[in-house]
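Q: After the C-alpha cells below, expect a handful of questions from me.
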Amino acid sequence: MNKFICSLFMLFLFFSNHAFGQKRIGIWSIQGTSSAMNKYVTLSAEQKRNFIPMVSEIVDFYSNNKDFITIDRQNLSYINNERELQKSEDFMDGYTVAQGKSEGLDLMLSSLYDIDTRNLTIGIINVEDKKVLGSVERILDKNWIGIKDLKQQMAIMLNDLNSKCFDAPISFVRITASKGPKAREALISVGRDQKIKSGYVFEIFEITEEDVNGKKVKRQAVLGEGEVKKVEDDNFSTIEINKGGDVIMTSVQEKKKLFCRLIKN
C-alpha cells in the first residue's frame, strides 16, 4: 500500500560548502501516520490536497535560496523501483537512507504528519552517519476550508529548521529608526527568499548561556517583538518594533549580537 501522500518523488538541492565542494540534500513527500493507531496510514483525498502544496512550499523555500540549486526528479535517474520505497514502514528508514547514500546524497529531508493531532514534523538527516541534524514540529492551525495560512506556517517551520541544522539564524542587522531611548524600526536579514511577507511577526532575542549543574547551556533570551513593515528585497526586511524597544536599543548600544525568529502573522 502506498504510504506516502502522493508518489514518492526526489529532488536534489545543492548548497555550497566551500568554493569547490557542494553537499546534496534530497526532499521527500510528507508521510502520514496515526498516533491513535500507532501506524503509518494512507491519507485521505482532502489531506493529500493539503499536503501537496506543503511539499511545494518546502521545495520553493530552498529553490529560492541562492545557496541551493534545485533539480526536478524528472531529470534524474534516482529511483529505479519506487514500489520498493513504498513498502517502507519507518520514517527515514534504513533502506531509504541507503538509497540516498548510493546516489551520493549528503543530507535528506523528510516530513511526517499525524492525522489525529495535526502535528507536522520536518527533519533533516545526515546520510553518512544516519544521525538527525535537527527537526521542527508544529500542530498546524486549521479552519473549515483546511490548513490555515499554510504558507506562513511553513515559513515558520522552515526558517527554524535552517537555523537549527545549518547554523543560519536570522540576524538583527541594525536599528533604522528610534524615538528617544527606544528602537522603533530595524533591518533584519530575511526577505522574499525566505518566504517573508508584510505583517509577519518576529521575536528579537540574544543567545545567552546558563550554568546548569556545572554545564554551560545556551538559551534564547527574548528581548522584544517586531512586525514586518516592508520586505526590502530577497534578503532583507524592515520591521516595526512594537515590544521591547528600550531593551533592544540598550543591547545594540552594548554591541550585543541580536537575532530574530519568525513566530506568527
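The values are calculated or read from the model by the stated rules, or taken from the named source; none is laboratory data. All values reported here derive from a predicted model rather than from experimental measurement. No Cβ is skipped: glycine too gets one built from the backbone with ideal geometry, and neighbour counts run over all protein chains shown. Accessible surface areas use protein heavy atoms only, side chains included; no ligands, DNA or RNA. Shrake-Rupley method; radii C 1.70, N 1.55, O 1.52, S 1.80 Å.
Q: Give me the distance in nm between label points sitting 7 Å out from Cα along the Cα-to-Cβ direction at S34 and R174, one decimal.
A: Taking the simple label geometry, S34 and R174 are separated by 5.7 nm.
Q: Applying 1/(1 + (r/R0)^6) with R0 = 22 Å to the Cβ-Cβ distance of D234 and K148, what FRET efficiency is obtained, to the nearest 0.05? Let's see the in-between values first.
A: On the way: r = 27 Å, r/R0 = 1.21.
Efficiency computed from Cβ-Cβ geometry: 0.25.
Q: For the full complex of protein chains and a 1.4 angstrom probe, list W28, W144 by accessible area with the highest value first.
A: W144, W28
Q: Now a separate question. Multiply the residue separation of I263 and K218 by 0.36 nm, subtract the distance between their alpha-carbon atoms, and state the gained length in nm to one decimal.
A: Working: separation 45, 0.36 × 45 = 16.20 nm, distance 1.98 nm.
The span from I263 to K218 would gain 14.2 nm if fully extended.
Q: As a quick test, which of the pairs K195/K218; K230/K257; K148/K230; K151/K216; K142/K216 have an alpha carbon distance above 32 angstrom in this structure?
A: K151/K216; K142/K216
Q: Could you compute how much accessible surface Y40 exposes when probed at 1.4 Å, giving the result in Å² to the nearest 10?
A: Using a 1.4 Å probe on the heavy atoms, I get roughly 40 Å².
Q: What accessible area per residue comes out for region 177-262, rounded to a whole number of Å², with a 1.4 Å probe?
A: With the other protein chains kept in place, region 177-262 gives 56 Å² per residue.
Q: While we're looking at this one, here's another question. Residues with beta-carbon under 14 Å from that of M249, excluding M249: net charge, scoring Lys, Arg +1 and Asp, Glu -1? Don't skip to the answer; put the middle values down first.
A: On the way: positive: R174, K179, K182, R184, K243, K255, K256; negative: E185, E206, D246, E254.
Computed value for this residue: +3.
Q: For region 104-201, with all protein chains present and a 1.4 Å probe, just round the carbon and sulfur fraction of the accessible area to a whole percent.
A: 47
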